[in-house]
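A quick write-up on the structure given underneath.
The values are calculated or read from the model by the stated rules, or taken from the named source; none is laboratory data. If you're wondering where the values come from, they're calculated on a predicted model, not measured in any experiment. Reconstructed Cβ throughout: ideal geometry from the backbone, glycine too, with neighbour counts over all protein chains shown.
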Ligand code: ADP
């Protein structure tokens, strides 16, 4: 567990399984049954696999790891026979932990999404999994952990007590979590800087990063240091690494003409100036006109606040700031370019969400029609033609 930083609640919850596996008698003497499984859910890279592995390590039991997609095959019956083999194997090695990564590949709610040429094979695989989880008794001391980043699509039958009793949600780390994760991954990095200080500083610069992103920043910093033939990794390398992870690699080879550079500079400055004067916009950290990654000619790096609610004023200010680039082009060159496409997309998405999801407009009132991106997939709108026109 010492390699798993942060996520204290999740660790506490999973620590119970360790106790169960180490000393089942302690619980069974009071008549308790050992829980059979837990679903670890959270965004990619938040350390679900890591936590499951750590649990096995901590309990000192074998760890059988499979991915949900391994069960899905062209051939009928292969999936369920693999599930049977897996559990037979686990019983032989009990006490042990089975870890099924990406369980949504087989655990999708049955009957849904089947309308486009059903997938009986997946269903029978899932059924076999349900049967197996019911079949082994709590006395066998096999714990099944499953990882997914889409807990909402899982079949309710999987989540009922007696199968995956526990649901452990793992969120993106907050600033304190990131400090801890940085500390873990800085351990192997050779640097003369004070690691404690560096961890704090980098954590402040990386809101919204997952544990895997943090690990990636540390590794990239060392790679960048090596590329410049440095003796140790210095702060500048870490900062370059963060930029690299956020925006992609610098494209030194892509040469912009002076005119284009001028336009990009005015565009990015438009964001910066608008953001500076808008009260609720995220603070700006840096603007750059060095092309990076796929297609981006320049970019602005913001420092979003560590918070979960957004007010209408904030969303409007963010929209203004995002449009600042396009407006600046208009003011200074009296013409507009294709460079604002990404900005326009963001603004449109935010506007849709404010009207249709967050009930932030007077005309439509306090209603929410679900997420816009999910609506696009269905053929029917949950509102009338008149409402659609008003929106
Ligand atoms: P997931 O299964 O959630 O997609 P992983 O468990 O595979 O993510 O995590 C990927 C990598 O990210 C890990 O190998 C580890 O290096 C790093 N990582 C993620 N979360 C943490 C954490 N809390 N502490 C330390 N490292 C972490």
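Quick look at the values:
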item: Boolean, residue 222 is within 29 Å of the chain's Cα centre (by Cα), under 30 Å from residue 6 (Cβ atoms) and either at pLDDT 90 or above or within 16 Å of the ligand (Cβ to nearest atom) (or both); result: yes
item: The lone exception for residue 70 - which of (1) more than 23 Å from residue 183 (Cβ to Cβ); (2) within 16 Å of the ligand (Cβ to nearest atom); (3) at pLDDT 85 or above; (4) surrounded by fewer than 19 Cβ atoms within 10 Å (Cβ to Cβ) it fails; result: (3)
item: Residue 30 being at pLDDT 85 or above, away from the ligand (no atom under 16 Å from the Cβ) and either exposed (fewer than 13 other Cβ atoms within 10 Å of the Cβ) or closer than 19 Å to residue 147 by Cβ (or both); result: yes
item: Residue check, residue 345 outside any loop (DSSP other than H, G, I, E, B) and modelled with pLDDT of 90 or more; result: yes
item: Of all residues making up the stretch 172-195, the number that are within 15 Å of the ligand (Cβ to nearest atom) and crowded, with 16+ Cβ neighbours inside 10 Å; result: 13
item: Subset of the stretch 140-150 (residues that are out of contact with any helix residue (DSSP H, G or I) (no Cβ under 7 Å at 6 or more places or on another chain) and either away from the ligand (no atom under 16 Å from the Cβ) or under 25 Å from residue 20 (Cα atoms) (or both)); result: 146
item: Residue satisfying condition, being outside any helix (DSSP H, G or I) and more than 16 Å from the ligand (Cβ to nearest atom), within set 271, 280; result: 280
item: Odd one out for residue 35, checked against (1) more than 16 Å from the ligand (Cβ to nearest atom); (2) surrounded by 17 or more Cβ atoms within 10 Å (Cβ to Cβ); (3) within 28 Å of residue 185 (Cβ to Cβ); result: (3)
